[in-house]
Every structure is written in structure tokens, then in C-alpha cells.
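The values are calculated or read from the model by the stated rules, or taken from the named source; none is laboratory data. What you see is a predicted model; the values in this text were computed from it and never measured. Reconstructed Cβ throughout: ideal geometry from the backbone, glycine too, with neighbour counts over all protein chains shown. Protein only, heavy atoms only, side chains kept; ligands, DNA and RNA dropped before computing areas. Shrake-Rupley method; radii C 1.70, N 1.55, O 1.52, S 1.80 Å.
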Amino acid sequence: TSIDGKPKGFPSVSCSGLDFSRQEKARILGFQGDITEGRQIHGGETKVVVLGKQLADDFDKFVGSKIKINDADFRVVGLFSSTSVQGNNAVLMPIQDAREISNVPDDKINALIVDLQDPTADQKIAKIINFRYGDDLEAFSLSDLSSQFGDILGSLRLLVGAVAGIAAVVAGVGI
């Protein structure tokens, strides 16, 4: 993603296209932010964005300013603050605008977030979605992500232990 003609490095920018006519409050990948300046995007609007606070600060943007994202011009209508780095570097925009700047066809999306009334049913709902849609999509829960993250950390601990063991052997041989 490029902002005002410059590629954005770490942390990367997350552009989320949302159907604002169908939801009251925008959520980005499970991180909810609070509008701190300006307003939320309304259904039917185009070429407008709400920026995460850090992204706005990095590019000197404020409510009413213009911003170019992947060579398309937008007007900033709001700023939000999140408790996450990812959230504070996010751009929220109408879904049609997101499709246009990322070349996603009108009949496609690349992610759908389901907010559950009962979060403890996340794995059950993911299984139902996977059964219903088969190979067309993959549903997973936050519990699944947490488990995968735990597996990765376990592997890293094993790797660090192995490196430390080799270093100890090499140090012992050197003495």
C-alpha cells in the first residue's frame, strides 16, 4: 500500500473496505477503535476514509485533508484510536473504494469477519461455515489463531534451546 505516493513500511498499513450501509460501527480485523476526531463513514459515501491515529500522525493528516492511497484520492472524514499498533495504522473506507484500489472484483471479498453474540461458540461456528462452503473459503476462530501462535512460540523456544545447546558444546570443546 502506498500513501501519498510513498510505500509504507513497518508497521504496514491495513486498508479495510467495509459496507457502511450494513453496519453501525466499523471494526477492523477484530480491533475496535474509537473515533477521536470527525465522524464515521456513512452508507453510500465514496472516496472518504477514516484513519488510525498513528497513520494520520505519520503523514500529517487531519479531518478534511486529502490523502492518496494507491494513486486514488480520498478525503479524511475521521480519525480513530485503537489499543493496537495494527489498528492505529489502519485505513477504513467504503468497500467499493477498497475493491477499486486493490483490483478485487465486485463479486469477491478477501475476508469476512463474523461478530458472534456468544464468543464461546467461535469454533462451532467456524466448523459450520467450513462444512457449508467447503473449499470456497476457510473459516477460523480467534481460538485457532491463538493456538497457532502458541505452536509457533513453542517451535521458537525449541530452536533457541537447540542453538544454546550447540553453543555450549562448541564452548566446551574450545576450552
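Enumerate lysine pairs in the chain that are 8 or more residues apart or on different chains, then count those whose Cα atoms are under 23 Å apart.
23
Would you kindly state how much longer the chain becomes between N130 and A167 on full extension, computed as 0.36 nm times their sequence separation minus their alpha carbon distance, in nm to one decimal?
The N130-A167 span can extend by a further 8.7 nm.
Ignoring ligands, DNA and RNA, what accessible area per residue does the chain give at 1.4 Å, in Å²?
Working: 11650 Å² over 175 residues.
Roughly 67 Å² per residue, with all protein chains present.
Quick one: which residues, 5+ away or cross-chain, put their amide H under 5 Å from the amide H of F80? H built at 1.01 Å from N.
T36, L51, G52, K53
Using 0.36 nm per residue of separation minus the Cα-Cα distance, give me the extension gain between L137 and L112 in nm, one decimal.
Residue separation times 0.36 nm, minus the Cα-Cα distance, leaves 8.0 nm.
Place the peptides 92-99, 68-75 in order of packing, highest mean first, counting for every residue the other Cβ atoms within 10 Å and averaging per peptide.
Per-residue mean Cβ counts within 10 Å order the peptides as 92-99, 68-75.
Rounded if a/c is under 1.5, else prolate if a/b is larger than b/c, else oblate: which is the stretch 54-104, with a ≥ b ≥ c the root eigenvalues of its Cα gyration tensor?
oblate
What number, rounded to the nearest 500 deg cm²/dmol, is the helix-based mean residue ellipticity at 222 nm of the chain, given -39500 (n - 2.57) per DSSP H run of at least four residues and division by all its residues?
Details: 5 runs with 63 residues, N = 175.
It lands at -11500 deg cm²/dmol.
With N residues in the chain, what two-decimal value do you get for its Cα radius of gyration over 2.2 N^0.38 Å?
On the way: Rg = 21.0 Å, N = 175, 2.2 N^0.38 = 15.7 Å.
Against the empirical 2.2 N^0.38 Å value, I get 1.34 for the chain.
Taking 41 Å as R0, compute the FRET efficiency from the Cβ-Cβ separation of Q123 and D57 and round it to 0.05.
The computed FRET efficiency comes out at 0.60.
Within the stretch 38-66, which residues have the backbone N less than 17 Å from the label spot 7 Å out from D4 along Cα→beta-carbon, could you tell me?
Within reach of a label on D4: 49-66.
What order, most packed first, do the peptides 55-65, 80-90 have when packing is the mean number of other Cβ atoms within 10 Å of each residue? Could you put the intermediate results ahead of the total?
Working: 55-65: 15.6, 80-90: 18.8.
Ranked from most to least packed, the peptides come out as 80-90, 55-65.
Quick one: which residues, 5 or more positions from E45 or on another chain, have an amide H under 5 Å from its amide H? H modelled 1.01 Å from N in the peptide plane, none for Pro or chain starts.
none
In nm, to one decimal, how far is the modelled label at H42 from the one at A72, with both set 7 Å along Cα→Cβ?
2.1 nm
Pull up the DSSP beta bridges for the chain and report the antiparallel fraction as a percent, rounded to 5. Don't jump to the answer; show the numbers that get you there.
On the way: 14 of 24 bridges.
Rounded to the nearest five, the antiparallel share is 60 percent.
Give me the percent of accessible area attributable to carbon and sulfur for the stretch 66-158, probe 1.4 angstrom.
55 percent
What spacing in nm lies between the two simple spin-label points modelled at V160 and S21, each 7 Å away from Cα in the Cβ direction?
5.1 nm
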